[in-house]
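The values are calculated or read from the model by the stated rules, or taken from the named source; none is laboratory data. The model shown is predicted, which means the values in this text are computed figures rather than measured ones. Note that we place each Cβ from the backbone using ideal geometry, even for glycine, and neighbour counts take in every protein chain shown. Just the protein is used for accessible areas: all its heavy atoms, side chains included, with ligands, DNA and RNA removed. Shrake-Rupley method; radii C 1.70, N 1.55, O 1.52, S 1.80 Å.
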Amino acid sequence: MCETMDFFERYKNLKEKYEEKKTKPKVIVVGRSNVGKSTFVRLMTGRKDIRVGKKPGVTLKINEYDMGEYILVDMPGFGYMAGLPKKVQEKIKDEIVHYIEEHADEIAAAVQIIDTKSFFEIVERWKGRGEIPIDLEMFDFITDLKISPILVANKMDKIKKEEWDAVLDGICEYLKCQPPWHQWKFIVPAILKEGKGIEEIKKKILERVRLFKKLRGIE
Ligand SMILES: Nc1nc2c(ncn2[C@@H]2O[C@H](COP(=O)(O)OP(=O)(O)OP(=O)(O)O)[C@@H](O)[C@H]2O)c(=O)[nH]1
Ligand SMILES: [Mg+2]
């Protein structure tokens, strides 16, 4: 899928449409439950009322935060959520998918966060069951809609420093992107609970938002 990520072309096509409707671009934050989405949104907004928690399933609603240049959208997690029936989990996933489809033309970037250590274990478990791992399904879904991804490999404090490159290259392979990982500008290793990686992610968000606006003729 990496070869087909022609976002420039997409933005250009959208320009005409958006000359009429000049809404602020959105930046969505997606990922499984408990990967650190709200930790990230808290860091970005400085808002202490945003709940983060040890158990999966803390955020159950889609929350939008005005960041000035764009709207940051905190999403509930998809996948397992503590104490929630499967039916509710499915409903939440449907809401996320619906939101992304409905607003696809307004979304300048998607910050997809993974818990790097459990990512491998979960992907293998799903594959073993013959299912498409939900993280990979989400990445495909976003890039199929031609939304520019920023993949945050979070909780890198759980990985030994000398294994970082091999682990990040492994993620690339799962995403069907040729290693080495650092040639793909959309992958950012992070330790969000310590604020590490946040500046790099901010930079990438602003690059995408500004390009999106420029090509849409906003400002
Ligand atoms: N070890 C480690 N833990 C982290 C890191 N970032 C966040 N966490 C912890 O992971 C847990 C979940 O964080 P949240 O930000 O609530 O995760 P979320 O993705 O919003 O979870 P849901 O709302 O349930 O979908 C919290 O206990 C955080 O402190 C990190 O870089 N390293
Ligand atoms: Mg949350």
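Checked against the criterion of being modelled with pLDDT of 90 or more and either at negative phi or open to solvent by 30 Å² or more (accessible area, probe 1.4 Å) (or both), the candidates GLU106, GLU90 yield just one match: GLU106. None of GLY57, GLY31 is of a type in the set (Gly, Ala, Ser), within 13 Å of ligand 2 (Cβ to nearest atom), open to solvent by less than 40 Å² (accessible area, probe 1.4 Å) and at pLDDT below 90 except GLY57.
Looking only at the stretch 114-134, decide whether some residue is of a type in the set (Val, Ile, Thr) and loosely packed, with under 15 Cβ neighbours inside 10 Å. Within the stretch 114-134, one or more residues are of a type in the set (Val, Ile, Thr) and loosely packed, with under 15 Cβ neighbours inside 10 Å. Test LEU211 against the stated conditions and say whether it is surrounded by fewer than 19 Cβ atoms within 10 Å (Cβ to Cβ) and either under 28 Å from ILE71 (Cα atoms) or among the basic types (Lys, Arg) (or both). Yes: the conditions hold for LEU211.
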